[in-house]
Structure formats: C-alpha cells, structure tokens
Amino acid sequence: MASSSVPVQLPKDRPEEIVAAARAVAVGLGERAERHDREGSYAAENIDAIWAAGLGSINVPVELGGLGANLTTTAAVVEALAVGDPSTALIYVMHIAHLQALIAPGNVWPAELRDRVIADSLAGPALINVLRVEPELGTPSRGGIPATLARRGRGSDGRPVWRVSGHKIYSTGSQGLAWMMVWGATEAEDPDGQRVGTFLIPGGAPGIEIVETWDHLGMRASASHDVVFHDVEIPFDHGVDLHPVGSAPVAGRPPASHSEWTNTLILSVYLGVAKAGRDWLAGYLNERTPTNLGAPLASLPRFQAAMGEIEALIFTAEVLASQLVEQFDAGGAEAVEAARRGPLVKFVVTGNVIKALEIGMALIGNPGLTYHHPLQRHYRNALCSRIHTPQDDVVLTAVGSGVLNAVRSAS
C-alpha cells in the first residue's frame, strides 16, 4: 500500500542526513513497538513512514532514481530503525537486500521485470522478499528440493504461464509484500527436465493465502507468517534463473549483493536491539533510587561494572560488524575476505548481543521481566538473532574443521 504523503527528497551525497532521517523515523517506530509486539501485528504505518522519509529504496543507483547508498550508509540506517522497532527493520533489510541483488552486475533477471520491481519501490511502499523455507524441507541452506511446484499452462489469452502451488513458512513481511520471490521447482515431467529457481509472484495475485501462524517469542511484528499458493498463475517470464536440480544458478553469486548484504544488515538489526536495551537500562539505573540507598542504582560499583561489561560486548560486536561492512564496500580482495569472515563475525556479534541483554536482565531482576518495561522485549528480540542463516552449528563446524585441517597440514 502506497503512502499518501510525498516522500522527502534526501540528499544523495550526504549520508549523515540520510542516517539522521532514519533516526527521526525510529522515534515513531519506538512509540508503536510495544503495541505491535503485544499484538503480534504487522506495522504497515512503520513501512509507510520509512518511504515517506525517502528511505524506501536508498541503495538503488542514482541513475535509476535512488540515492545510491553504499553498505556503510545502509547499515547505519538499518541500525537506527532497529533501535525503534527491529521487526520493521528486519522487513526492511529483506527488501533492501533483494533490491541489491536486482541491481548487481550479472544478474539474469529480465530487464522488464527488474525495472518494474525497482520502479514500484521508488514510487511507494512496495516490499519484496524471497520465500524459501517450507514445512517439510526446513531451511534450504541445508540442501534439498522445494515441494513448491510450478506447472506449465496457458492463460486466458493463450499465452504460456506458470501455475504455482506450495506452502512457505517464516515469510517475513508477508502481509505487506508487493512482490514475492518464491523458490520452487518445475515438475519432473517438465519438457526441459526438473529445474529449480525463483518465481516472481505479485503479492496481490489471486490464489495467495496468508495464514497467520507467526506467534514467536521475539520479532513478533515481523509478520513472518505462512504463505500458501493455490495454483497461482503468473506470466511465463516470471520464472527466473531456472536451472537443473543440483547445478549452480546461471546468475552465480555476485559479490557483495544478496547474501552479503542480507547477512551484514541483519547484524545491524541486532546491534540496534542491543543499543536500545542498553540505553533503556542506563536510564532505569539512573532513575531508580531505593529509599534504603538514597542514591540511584547507577552510583553503585556493582551496577557500573555490569554496565561496563555490557558496553564491552556491544563495542566488540560493533567493531567486528563495522569492519565487515567496510571490507564489503572496499570490494576486491577485501570483499572476498569479508565473505570468508562473515559467518564467524555473525556468530560473535549475535552471541555478544544476547549476552549483553542477558546481563541486563539478571542485573535488575523483576523489573527486567515485567511487560511494561521494554528490556524483556529487547531480550526476546535478541534471541531471534541465532535463527538466521548461517546457524551457529554450521559456522562452528566449518571454522573448527578449518583450524584442525590447517594444523594437520602444517605438521
């Protein structure tokens, strides 16, 4: 749904003003965050506010009508928004990352489709996300063929079409998506053999059913519901980058595009969560003055030391994430090194974020667990950081085996 207000025209060469605009939007997001968390509801007004502020398509190149923001600026924007509402920031990350994939050199999307998606995003709130996870298969990062099937057919005008049927889960932003990039497979009997790839489906297409199943502990306003496709008809050219099962996509893996932007910006979301929790806790400790103490809790060395530990954890996480962003923006060998280090950085950053908020929860006891204080919400949101690809066991197995192999080879 497009916003009724005219988007602000942000300066293309002033990243500090772009980030300042995000901080201003985050104030409103923060005011609505508790309600949407309690309701588990999709915050359409938050997405409208992001577009109204001119932030909806910041990474689209200037020559295509965007701001041409690099990863450094985009990460700062995401972190600022996440301080207000990380569920909204996560939906935004998915949109931005897939725009980045569309504009990356070497992508094989038909120009007409790519231009249409970008034009929709520039015109108003028009979110896009990939829907990949399925009830039986689980996360595709661990291999397998999707059960979602696309069958050849003919439309009412006689033109060839795909008819897509399937069931996706954990579909972030589901209720607000203008475009769904659905990972699916053709039939085994398809004339070209069974292939897998992406089927671009408009969010309002007939036959789409959104089942409101998302009722998680954290990130409750991310609208990560189930989406069921009942013989949804799309034009034939909306089947993109179809390739034989077991082979690599034609598009390959463009550097610093989809996966790198997604994984890096997700870290920015959870850094925002940690900072929001830290700031609330610092305010609480400065305000809370027990009568038997006669001074704020912040005056006690025990609380000061705990806040120091929290700050050390967040500082370490922020330095690692910032280095990763800078390396991706530098390109070349540095970007390659960032891609290699990325999974381990994700493990450390998310672990530090959770630990920092866990210390805060333990530090203040019951007030940290009560619903009318936001610290418990920040902690619940932080716990979701572990579910994003790559998961901890995959990261640690790869890193650990690499170390063991290197030592063995050297001996």
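Hey, what's region 291-387 come to in accessible area per residue, 1.4 Å probe, Å²? Can you show the working numbers first?
Values: 4670 Å² over 97 residues.
With the other protein chains kept in place, region 291-387 gives 48 Å² per residue.
In this structure Thr262 has an accessible area near 20 Å², from a 1.4 Å probe over the protein heavy atoms. Using the Cβ of Pro125 as centre and a radius below 11 Å, the other residues enclosed give a net charge of -3, where K and R count +1 and D and E count -1.
Take the Cβ-Cβ distance between Phe236 and Glu209 as r, set R0 to 25 Å, and report the resulting FRET efficiency rounded to the nearest 0.05. Before the final figure, lay out the partial values.
Numbers: r = 23 Å, r/R0 = 0.93.
For Phe236 and Glu209, the calculated efficiency is 0.60.
Here Lys346 is the anchor, and the lysines within straight C-alpha reach of less than 21 Å, apart from those fewer than 8 places off in the same chain, are Lys275, Lys355. Think of the chain as having a plus end and a minus end, set by charges on the Cβ of Lys, Arg, Asp and Glu; of Leu324, Leu281, Leu297, Leu297 sits farthest toward the positive end of this dipole. Residue farthest toward the positive end of the dipole of region 100-172, with Cβ of Lys/Arg at +1 and Asp/Glu at -1: which of Ile118, Ala150, Gly106? In region 100-172, that residue is Ala150. Charge dipole (Cα centre; +1 on Lys/Arg Cβ, -1 on Asp/Glu Cβ; no other charges) of the chain amounts to roughly 680 debye.
Highest-first packing order for the peptide set 265-271, 114-120 is 265-271, 114-120, based on the mean count of other beta carbon atoms within 10 Å.
Quick one: what do you get for region 94-243 if you divide its Cα Rg by 2.2 N^0.38 Å?
In units of the globular-protein estimate, region 94-243 measures up at 1.02.
Per-peptide packing, taken as the mean over residues of other Cβ atoms within 10 Å, places 342-350, 392-400 in the sequence 342-350, 392-400 from highest down.
For region 61-92, no residue has its backbone nitrogen under 11 Å from a point 7 Å from the Cα of Ala111, taken along Cα to Cβ.
Among Gly239, Gly331, Gly283, the largest mean-square fluctuation in a Gaussian network model of the chain (Cα springs under 10 Å) belongs to Gly283.
Using a probe of 1.4 angstrom, how much of the accessible area of region 282-394 is carbon and sulfur, in percent?
Values: 3260 of 5530 Å².
Using a 1.4 Å probe with all protein chains present, region 282-394 comes out at 59 percent carbon and sulfur.
For region 240-370, the equivalent ellipsoid derived from the Cα gyration tensor has semi-axes of 42, 15, 10 Å, listed largest first.
In the elastic network of the chain, a GNM with C-alpha springs shorter than 10 Å, the most mobile of Ala126, Ala178, Ala282 is Ala282. Extension gain, Ala312 to Arg23, is 101.7 nm, computed as 0.36 nm per intervening residue step minus the present C-alpha separation. Karplus-derived 3J(HN,Hα) values for region 15-20, using 6.51 cos²θ - 1.76 cosθ + 1.60 with θ = phi - 60°, are x, 5, 6, 5, 5, 4 Hz; glycine and proline are entered as x. Taking θ as phi - 60° and the Karplus parameters 6.51, -1.76 and 1.60, the scalar couplings of region 335-351 work out to 5, 4, 5, 4, 4, 5, 7, x, x, 5, 4, 4, 4, 5, 4, 5, x Hz in sequence order, x denoting glycine and proline.
Accessible area per residue for region 1-74 in Å², computed with a 1.4 Å probe and the full protein assembly in place, what is it?
On the way: 3570 Å² over 74 residues.
Dividing the accessible area of region 1-74 by its residue count gives 48 Å².
Peptides 55-62, 295-302, 272-279, 316-323 ordered by packing proxy, namely the average of other Cβ atoms within 10 Å per residue, highest first: 272-279, 55-62, 316-323, 295-302. Rounded to the nearest 10 square angstrom, Trp261 shows an accessible area of 10 square angstrom against a 1.4 Å probe.
Considering only Thr213, Val25, Pro374, the residue lying farthest towards the positive end of the dipole of the chain is Pro374, judged by Cα position with unit charges set on Cβ. Proximity of backbone amide H atoms, modeled 1.01 Å from N, is registered between Met219 and Asn381 at under 5 Å, excluding neighbours fewer than 5 places apart on the same chain. Residues whose amide H falls under 5 Å from that of Ala53, counting only those 5 or more places apart or on a different chain, are Val8, with hydrogens built in the peptide plane.
Taking amide H positions as modeled 1.01 Å from N, with prolines and chain starts lacking one, the residues under 5 Å from Glu134 and 5 or more places away or on another chain are Ile169.
Just need the relative contact order of region 110-246 here, percent rounded to a whole number, with Cα pairs under 8 Å and 6+ apart. Provide the component values of the computation, followed by the final result.
Details: 291 pairs, mean separation 36.8, N = 137.
Contact order relative to length: 27 percent.
With a cut-off of 12 Å between beta carbons, the residues surrounding Ala188 carry a summed charge of -2, where Lys and Arg count +1 and Asp and Glu -1.
The values are calculated or read from the model by the stated rules, or taken from the named source; none is laboratory data. Please read these numbers as outputs of a predicted model, since none were measured by experiment. Heads up, the Cβs are rebuilt from the backbone with ideal geometry, glycines too, and the neighbour counts pull from every protein chain shown. Accessible surface areas use protein heavy atoms only, side chains included; no ligands, DNA or RNA. Shrake-Rupley method; radii C 1.70, N 1.55, O 1.52, S 1.80 Å.
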